[in-house]
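Below: the structure, in structure tokens.
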Amino acid sequence: MKKLKSGIAAAAVALTCVTGTTLAKADGEPEPRSHSGTLPSGASWIADVPRRWNGTVILYSHGYGELVAQNAPDDETGARLLDEGYALVGSSYSGPSRWVLEHAVDDQFGSLAALEDEIGPPRRTIAWGVSMGGLVSALEAQEPRGRVDGALTTCGIVAGALNLNNVQLDGEHALARLLLPGQGVRLVGHETPEQAEATARTLRTATAEAQKTPQGRARIALAAALMNLPVWSPDEAAPPAPGDHTARQEQQYRILVDGRFAQFADGRRQTELAAGGNGSFNAGVDYRALLNGSVHADLVRHLYRRAGLDLAEDLAALTRDARVRAHPRAARHLARTSMATGRLAVPVLNLHTTADPIAPVENQNWYARKVAEAGSTRLLRQAYVRGGGHCAFEPAETIAALHALEHRLDTGRWDDAASPSRLNTAAAARGGTPRYTRFTAPRLTGALGEPGRTRDR
């Protein structure tokens, strides 16, 4: 879909609309009408409206990255949605950093209002978010302001920023303490991009060197477990066998060194810029309890035994040397802007791959329990695609999920619309591969309220 360049966006007049020319497709069907503009916040927005609009607007929230307006996850999905009659709108977001949660919901609703000024009120609006945008759509589902009827979150960071940063800190603390003892690697509070990049390089280099020995591989597996990393690398067609400990650790290692450290460092710095300081902590964390709650604990124990290492000694060292404390104001900011309460006001369908290396599928377990605590379980369904990768969905799969959510909105009942069999049938009818599967997301190791991290510090 069309992405508004920043220079063009800056030149647009606040809350005005630039309307593109309606062209004809090769088959004679008119092209969608394009709209764009700039909000008072400085966020740009774009929209596409098909000639035969079905009355539904997709309010699309893009993931973490450059602040460029987007209204679909990719061109193919956007084209299919337009062909089915959906109007698409989305903003660039605004703010001092790329972690935009303080202003994202307002920017999204502002974009929707700007489009409505051009085309009139829709019959229905569905929020659709990807990755960080999945958290945005989850927040919209809590406070829809009478504007959103349902939400589809895909690969969403629905456990929020505090949990995201804490579990990444846990894994990096393990690598720094066990692979680089005494070196004082700076894990939080990077004041410049260069400092963040230096930490990422240091950790990656140490991890690559450690992978050469059984002892190093065992400690990498411990760090990966604390980060909730899957044992299925996105570049493999199938996961390793459950008992193949060597292959499982190898795939976690490949996930780690394939850009994760740079992503974690950049994301942490941007989150700290938004929050005004470090919002994560490990002071007071019991790492033995954290590992005991991990779905990968058996893998770690096996590799430690094989390497002749004392796992209890390493876990005690991690607990003893965990000294990072959150800045109270930063933690409060993230709790206010970037954490889901679970109190749903509209139906929500969450979609996740079973082996996500960036937004662990364990996010879904934490979110479902928050929704249950809030008494909103009847409004939530979760669906899983068997596969590795972050947001690695086929267009047919996500559109099938959209129609399942629409069934709930049309009838007031979920029935079996979000079941793997129904979703696979719907995806296959659109040329997709049947990959929906029954799956139970494990608990998010190291999350707030989980064993080992029961209090904020």
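The values are calculated or read from the model by the stated rules, or taken from the named source; none is laboratory data. Worth saying up front: this structure is predicted, and the values here are computed from it rather than measured. Cβ: placed from backbone, ideal geometry, glycine included. Neighbour counts: every protein chain shown.
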Cβ contacts < 9 Å: first residue in the same structural domain as residue 274 (by TED's automatic domain parsing), restricted to region 190-201; second residue surrounded by 12 or more Cβ atoms within 10 Å (Cβ to Cβ) and β-branched (Val, Ile, Thr), any location; separation 6+ or different chain. Result? 190/199; 199/185
Looking across region 413-457 at residues that are charged (D, E, K, R) and under 14 Å from residue 293 (Cβ atoms), the single one that is nearest to the chain's Cα centre (by Cα) is 443
So if I check each of 300, 324, 348, which one is more than 28 Å from residue 154 (Cα to Cα), out of contact with any Asp or Glu (no Cβ under 9 Å at 6 or more places or on another chain) and buried (at least 21 other Cβ atoms within 10 Å of the Cβ)? 300
Quick one: residue 386 ticks every box in (1) surrounded by 18 or more Cβ atoms within 10 Å (Cβ to Cβ); (2) touching a helix residue (DSSP H, G or I) at 6+ places or on another chain (Cβ under 8 Å) bar one, so which box is it? (2)
Pairs needed: first member in region 273-301, without any contact (Cβ under 8 Å) to a residue 12 or more places away in the chain; second member anywhere, among the hydrophobic types (A, V, I, L, M, F, W, C) and surrounded by fewer than 23 Cβ atoms within 10 Å (Cβ to Cβ); C-beta distance under 8 Å; at least 6 residues apart or different chains. 301/311
Pairs needed: first member in region 353-366, touching a residue at least 12 places away in the same chain (Cβ under 8 Å); second member anywhere, assigned to a strand (DSSP E or B) and of a type in the set (Phe, Trp, Tyr); C-beta distance under 7 Å; at least 6 residues apart or different chains. 354/384
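Okay, residues lined up against (1) part of a loop (DSSP other than H, G, I, E, B); (2) more than 24 Å from residue 135 (Cβ to Cβ); (3) among the aromatic types (Phe, Trp, Tyr):
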| position | (1), (2), (3) |
| --- | --- |
| 386 | no, no, no |
| 392 | yes, no, no |
| 397 | no, no, no |
| 408 | no, no, no |
| 415 | yes, yes, no |
| 421 | no, yes, no |
| 427 | no, yes, no |
| 448 | yes, no, no |
Residue 437 versus (1) buried (at least 18 other Cβ atoms within 10 Å of the Cβ); (2) in contact (Cβ under 8 Å) with a residue 60 or more places away in the chain; (3) of a type in the set (S, T, N, Q): which is the lone unmet condition? (1)
Just checking, how many residues over region 61-92 are over 21 Å from residue 150 (Cα atoms), surrounded by 23 or more Cβ atoms within 10 Å (Cβ to Cβ) and without any contact (Cβ under 8 Å) to a residue 40 or more places away in the chain? 0
Identify, by number, the condition in (1) of a type in the set (A, V, I, L, M); (2) assigned by TED's automatic domain parsing to the domain that holds residue 151; (3) within 30 Å of residue 240 (Cβ to Cβ) that residue 346 doesn't meet. (3)
Failed condition for residue 47, given (1) of a type in the set (A, V, I, L, M); (2) in a loop (DSSP other than H, G, I, E, B); (3) touching a strand residue (DSSP E or B) at 6+ places or on another chain (Cβ under 7 Å): (2)
Residue check for residue 374: more than 24 Å from residue 345 (Cβ to Cβ), in the same structural domain as residue 76 (by TED's automatic domain parsing) and in contact with a Ser or Thr (Cβ under 9 Å, 6 or more places away or on another chain): no
Give region 64-99 a look and list any residue that's assigned to a loop (DSSP other than H, G, I, E, B) and charged (D, E, K, R), or say none. 66, 74, 84, 98
In region 111-141, how many are crowded, with 21+ Cβ neighbours inside 10 Å and part of a helix (DSSP H, G or I)? 14
Residue that is of a type in the set (A, V, I, L, M, F, W, C) and touching a Cys at 6+ places or on another chain (Cβ under 8 Å), where the choices are 188, 130, 136, 167: 130
As an exercise: evaluate residue 104 against (1) over 17 Å from residue 39 (Cβ atoms); (2) crowded, with 24+ Cβ neighbours inside 10 Å and give the number of the one condition it does not meet. (1)
Of residues in region 202-225 being touching a residue at least 60 places away in the same chain (Cβ under 8 Å) and of a type in the set (Gly, Ala, Ser), the one surrounded by the most Cβ atoms within 10 Å (Cβ to Cβ): 224
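To keep it simple, each residue is scored yes or no on (1) within 22 Å of residue 142 (Cβ to Cβ); (2) surrounded by fewer than 18 Cβ atoms within 10 Å (Cβ to Cβ); (3) at pLDDT 95 or above.
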site: 367; (1), (2), (3): yes, no, yes
site: 382; (1), (2), (3): yes, no, yes
site: 392; (1), (2), (3): no, yes, yes
site: 395; (1), (2), (3): no, no, yes
site: 405; (1), (2), (3): yes, no, yes
site: 409; (1), (2), (3): yes, yes, yes
site: 415; (1), (2), (3): no, yes, yes
Could you give me the residue pairs with C-beta distances under 8 Å whose first residue belongs to region 416-429 and is farther than 12 Å from residue 351 by Cα, whose second residue is modelled with pLDDT of 95 or more and loosely packed, with under 14 Cβ neighbours inside 10 Å wherever it lies, and which are 6+ apart or on separate chains? 422/416
Can you pull out the residues in region 50-63 that are within 27 Å of the chain's Cα centre (by Cα) and assigned to a loop (DSSP other than H, G, I, E, B)? 62, 63
